[in-house]
1. Short version: ³J(HN,Hα) in whole Hz for each residue of segment 34-39, in order, from phi by Karplus 6.51 cos²θ - 1.76 cosθ + 1.60 (θ = phi - 60°), x for Gly and Pro, what are they?
2. Run the count for segment 41-144, please: Lys pairs, Cα-Cα under 19 angstrom, 8 or more apart or on different chains.
3. In nm, give the distance between the simple-model label positions of Ser66 and Lys13, each being 7 Å from the Cα along the Cα-to-Cβ direction.
4. Under the rule of at least 5 residues apart or a separate chain, name every residue whose amide H is placed under 5 Å from the amide H of Ser64.
5. For segment 14-24, take each phi angle, set θ = phi - 60°, evaluate the Karplus expression 6.51 cos²θ - 1.76 cosθ + 1.60, and give the result in whole Hz per residue in order, putting x for glycine and proline.
6. Enumerate the calculated ³J(HN,Hα) couplings along segment 101-118 in order (Karplus 6.51 cos²θ - 1.76 cosθ + 1.60, θ = phi - 60°), each rounded to whole Hz, writing x wherever the residue is Gly or Pro.
7. Heavy-atom accessible area per residue, segment 1-119, 1.4 Å probe: how many Å²?
8. Using +1 at the Cβ of each Lys and Arg and -1 at the Cβ of each Asp and Glu in segment 26-134, identify which of His86, Ser102, Ile60 lies farthest towards the dipole's positive end.
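The values are calculated or read from the model by the stated rules, or taken from the named source; none is laboratory data. The structure displayed is predicted, hence computed values, not measured ones. Cβ: placed from backbone, ideal geometry, glycine included. Neighbour counts: every protein chain shown. Heavy atoms of the whole protein, side chains included, go into the accessibility calculation; ligands, DNA and RNA do not. Shrake-Rupley method; radii C 1.70, N 1.55, O 1.52, S 1.80 Å.
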Amino acid sequence: MAESILQGFLIKKIDYRIFDEIITILDKNGNRINCISLGSKKINSKNSRNLFIGSFNEFIIFRSSSEKRLSKLKKTTTIKIFDWKHTNDKSFILLNKCILNSLYTSVEFFLFYKNMIDVIESNQNEQIKILIILKNFITLSMLYIDGDIPYLNEFLNEKFVMIPNHKNFINNLILYLKNNVNINLA
């Protein structure tokens, strides 16, 4: 296992065994990296105080030599902490779902996440934040899949977005963006 140092956002944590967690990191290249964080749920863990979803951290990991095995987190330090008051906001949940369900990875997805974290931490209305995230995510996705976003409606439901008839809204937003936003594929 080779040691790697990377910076990125913690975008997902899953409990594993009694004291361990499986974490997903969005690094500066837009790659999603899954790691096991051994002992991070223990009270005296050096990493537990730095593993907050949405926070920008520096991670030291031991890369797995096999694709079938998880990399191991050695240490993490927080560079910019995400305000915990927003962790249950629908806009933050939507942002993480967009990144985790995206079929593509690139630097643009990292920049999208970074910019949308700033939007979420702003004092705007929650509905406005959701619309900004949707608009930017659809615009970004159109660069890679020519505007066909079949999985978007799968994780947007009426309880989540609170937009009546959200499927028509999403389709109209996609049509509007296709017609009015100049997307440069070069």
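1. The phi angles translate into 9, 9, 9, 10, 6, x Hz.
2. Value for segment 41-144: 22.
3. For the pair Ser66/Lys13, the computed spacing is 2.9 nm.
4. Here Ser71, Lys72 satisfy the definition.
5. Working through the residues one at a time gives 10, 5, 9, 6, 7, 10, 10, 9, 9, 10, 10 Hz.
6. Karplus values, whole Hz, x for Gly and Pro: 8, 5, 7, 10, 9, 6, 4, 4, 5, 5, 5, 4, 4, 4, 5, 6, 4, 5.
7. The answer is 55 Å² per residue.
8. Ile60
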